[in-house]
1. What's the tally of Lys pairs in segment 74-148 whose alpha-carbon atoms lie under 22 angstrom apart, where the two lysines are 8 or more places apart or on different chains?
2. Sort TRP163, TRP139 by heavy-atom solvent-accessible area, probe 1.4 angstrom, most to least.
3. When only the heavy atoms of the protein chains count and the probe is 1.4 Å, how do HIS190, HIS76, HIS168 rank by accessible area, highest first?
4. Stretch GLN194-TRP139 to full length: gain in nm at 0.36 nm per residue minus the Cα-Cα span?
5. Could you give me the radius of gyration and the Dmax of segment 91-179, taking only the C-alpha atoms into account and expressing both in angstrom?
6. Let me check something: with ligands and nucleic acids excluded, how do GLU221, GLU209 order by accessible area (1.4 Å probe), largest to smallest?
7. FRET efficiency for GLU221 and LYS111, Cβ-Cβ distance as r, R0 = 22 Å, nearest 0.05?
8. May I ask you to compute the full-extension gain from SER73 to LYS148, defined as 0.36 nm times their residue separation minus their alpha-carbon distance, rounded to one decimal in nm?
Amino acid sequence: GLLNGDAVTSHATETMASSFRALLRRCSRWSRCFPSALSHGRIPAGRWQQVALGLGLGATMAAVPITQHQPTSLNHEDLIKRAVSLVTDGANTFLSQTTLALCDALTEYTKAIYALIALQKIYNDQSGQISEKEEDAIWQIIIEARVKMKEKQEKYLSFETKWMTAVHLSETAAGAAYQTGADLASVAVHTHIQMAQSQVGEVKQLALEAENKLAKVQVEEINLKGKEASVKGIQRTAIQPANDEEIPEQYLRED
């Protein structure tokens, strides 16, 4: 009986070893065939994953990315609202940046105007009291200040064009948000537009006031030039009779 038991145990051991060797050979063949078969689409990825897990290869297969379609609970309306929120965020950012750039450019333009006003007043106050050389030097500085002011003006006008585009884009985004039912986003964009317009309006008003002051100073300059010309004309007229008196009478006769 003991011998029969040993024989049974030996036979069972050999059977298990044979099965294990056969399983190893199958795994070896599958591992060689898998890349080629998968590349030709003959073995679905899900099928191979099941086989691999059954053979204890889950840790190895975890490194292989497997893309599967994940069902979503969002409908088309929700996705559109999400897209509109991205549009409104982008429009708000565009408007904020152009508003900041325009306000800075308007401020620099206003400073350039007041610098020119100061130089123009100095020239007006010294008009008729300085030499031609000093007058030319002041005029050279005034011309440079005018060129600088013109450059600042062109820069702010360029930013103003971009800012108006940003306002139009924001209005369009607000309308799109309202149409898709994103009322809060639409209201937020409209509020942002009003704040930007108010901020630009305040800075632009300062620039307009500076332009008006410059115009007045330039009118004063024209008036002073007119007075100087009149004085010089009167002086020439006053001197002319004295010169005529020096001319002998015989040279004044027509015959």
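1. Step by step, the pairs that qualify in segment 74-148 add up to 4.
2. TRP139, TRP163
3. Ranked from most to least accessible, the order is HIS76, HIS168, HIS190.
4. Full extension from GLN194 to TRP139 adds 15.5 nm.
5. 20.3, 71
6. The ordering from most to least exposed comes out as GLU209, GLU221.
7. For R0 = 22 Å, the calculated efficiency reads 0.55.
8. Net length gain for the segment: 21.0 nm.
The values are calculated or read from the model by the stated rules, or taken from the named source; none is laboratory data. All values reported here derive from a predicted model rather than from experimental measurement. Using ideal geometry, Cβ is built from the backbone for each residue, glycine included, and neighbour counts are taken over all protein chains shown. These accessible areas exclude ligands, DNA and RNA; they are computed on the full protein's heavy atoms, side chains included. Shrake-Rupley method; radii C 1.70, N 1.55, O 1.52, S 1.80 Å.
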